[in-house]
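Asks: Below you'll find the structure I mean.
A short reminder: the numbers here are calculations on the coordinates, not readings from a lab. Just so it is clear, the model here is predicted, and its values are computed rather than measured. Every residue, glycine as well, gets a Cβ built from its backbone with ideal geometry; the counts of neighbours run over all protein chains shown.
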Amino acid sequence: MSVRDEFDAWAADGRDRGMEERHWHTAKHVLSRMPVESGDAVFDLGSGSGYAARALCEAADAGRAVGLDGAPGMVENARAYTDDEGVEFLVGDFDALPFVDDSFDHCFSMEAFYYAPDPLHTLEEVARVLRPGGTFYCAVNYYEENVHSHEWQDNISIPMTRWSGPEYREQFREAGLYVAGQDNVPDRETEIPPASEFPTEGFETREAMVERYRDLGTLLTVGVAP
Ligand code: SAH
């Protein structure tokens, strides 16, 4: 199945909003760390429902926020959720970003980067469209150290790349980005039931669920364009 078919189906049955709700637990902390200044142009790679572009304009006062997504259904939904004139959504592919060099001050991506068919090339594309000194805040829940995420590939037809934290840093450098930092952003909002309720559908033990959300959370790698 193509990105378009897979994620158009998600957009059609409301999974774009479902993801927004879950991802917001950590995404809001990532967004609030971005050094966005009033009037900046920002880019969201794999924008889904478009919450990041909306938030960057509303809360960080970005002048222009562009979300790119390969699924037209996602783009259509994202457009319908806002009437902010600074916010735009485009259909496009991670392989070839439809922007000239140095187009953006900052770039964000949440739970999307690992779907890139050629992730190193996508990093090079992000580096290309960022102006010198621009940052890339790349957030993922699917990564090697998060053993609880490993089975996710079984439920989706798009091939996913599972790098470790060190591999993210190496590949950022390989693509020409400096690595300004990397850390785990905990999800403190997903409710964790008492131990007596385990095993649950997703977790054998309470400890495993605590590890997944509170300890591992979202892996954030921050790159800076030279
Ligand atoms: N960032 C959003 C959406 C995450 S889902 C959130 O946090 O909720 C991942 C999104 O990336 C999907 O909307 C999907 O259509 C998009 N995507 C996946 N692979 C892509 C590719 N190769 N090119 C463009 N978009 C892609």
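Asks: Counting each DSSP H run of 4 or more residues in the chain as -39500 (n - 2.57), what helix-only mean residue ellipticity at 222 nm follows after dividing by all residues, to the nearest 500 deg cm²/dmol?
Replies: Working: 7 runs with 72 residues, N = 226.
It comes out at -9500 deg cm²/dmol, rounded to the nearest 500.
Asks: Against the 2.2 N^0.38 Å scaling, with N counting residues, where does segment 12-64 land? I'd like the Cα-based Rg ratio to two decimal places. Could you put the intermediate results ahead of the total?
Replies: Working: Rg = 11.4 Å, N = 53, 2.2 N^0.38 = 9.9 Å.
Here the answer is 1.15, to two decimals.
Asks: Next question. When the chain is fully extended, how far beyond the present Cα-Cα distance does Arg17 get from His150, taking 0.36 nm per residue of separation? Before the final figure, lay out the partial values.
Replies: Numbers: separation 133, 0.36 × 133 = 47.88 nm, distance 2.33 nm.
Extra length available between Arg17 and His150 comes to 45.6 nm.
Asks: Hey, another quick one. Would you tally the net charge around Pro117, using a Cβ to Cβ cut-off of less than 11 Å, leaving Pro117 out, and scoring K and R as +1, D and E as -1? Could the numbers behind the result be given before it?
Replies: Numbers: positive: none; negative: Asp93, Asp95, Asp118.
Local charge sum for Pro117: -3.
Asks: So, one more: Tell me, in nm to one decimal, what length is gained between Tyr178 and Arg128 on full extension, where the rule is 0.36 nm per residue of separation less the Cα-Cα distance? Before the final figure, lay out the partial values.
Replies: Numbers: separation 50, 0.36 × 50 = 18.00 nm, distance 1.32 nm.
Gain on stretching Tyr178 to Arg128: 16.7 nm.
Asks: Counting only DSSP beta bridges with both residues in the chain, what percent are antiparallel, rounded to the nearest 5?
Replies: Details: 14 of 33 bridges.
Among the beta bridges of the chain, antiparallel pairing accounts for roughly 40 percent.
Asks: Using the Kirkwood radius over C-alpha pairs as Rh, can you work out the diffusion coefficient of segment 82-226 via Stokes-Einstein at 10 °C, viscosity 1.306 mPa s, in µm² per second?
Replies: For the chosen part, D equals 95 µm²/s.
Asks: Just to verify a number: FRET efficiency for Glu170 and Asp83, C-beta to C-beta distance, R0 = 41 Å, to 0.05?
Replies: Numbers: r = 42 Å, r/R0 = 1.02.
The formula returns an efficiency of 0.45 here.
Asks: Between Val100 and Met160, what length in nm is gained on full extension when 0.36 nm per residue of separation is reduced by their alpha carbon distance?
Replies: Working: separation 60, 0.36 × 60 = 21.60 nm, distance 2.72 nm.
Gain on extension, Val100 to Met160, equals 18.9 nm.
Asks: Round to a whole angstrom and tell me the spacing of the C-alpha centers of segment 90-131 and segment 172-223.
Replies: Their Cα centres are 24 Å away from one another.
Asks: Further question on the same structure: Give me the Kirkwood hydrodynamic radius of segment 142-206 in Å, from all C-alpha pairs, to one decimal place?
Replies: On the way: mean 1/r = 0.0684 Å⁻¹.
Taking the inverse mean of 1/r over all distinct Cα pairs, segment 142-206 comes out at 14.6 Å.
Asks: How high is the relative contact order of the chain, in percent, counting Cα pairs under 8 Å that sit 6 or more residues apart?
Replies: Details: 453 pairs, mean separation 43.7, N = 226.
For the chain, the relative contact order is 19 percent.
Asks: State the Cα centre-to-centre distance between segment 1-72 and segment 137-167 in whole Å.
Replies: 19
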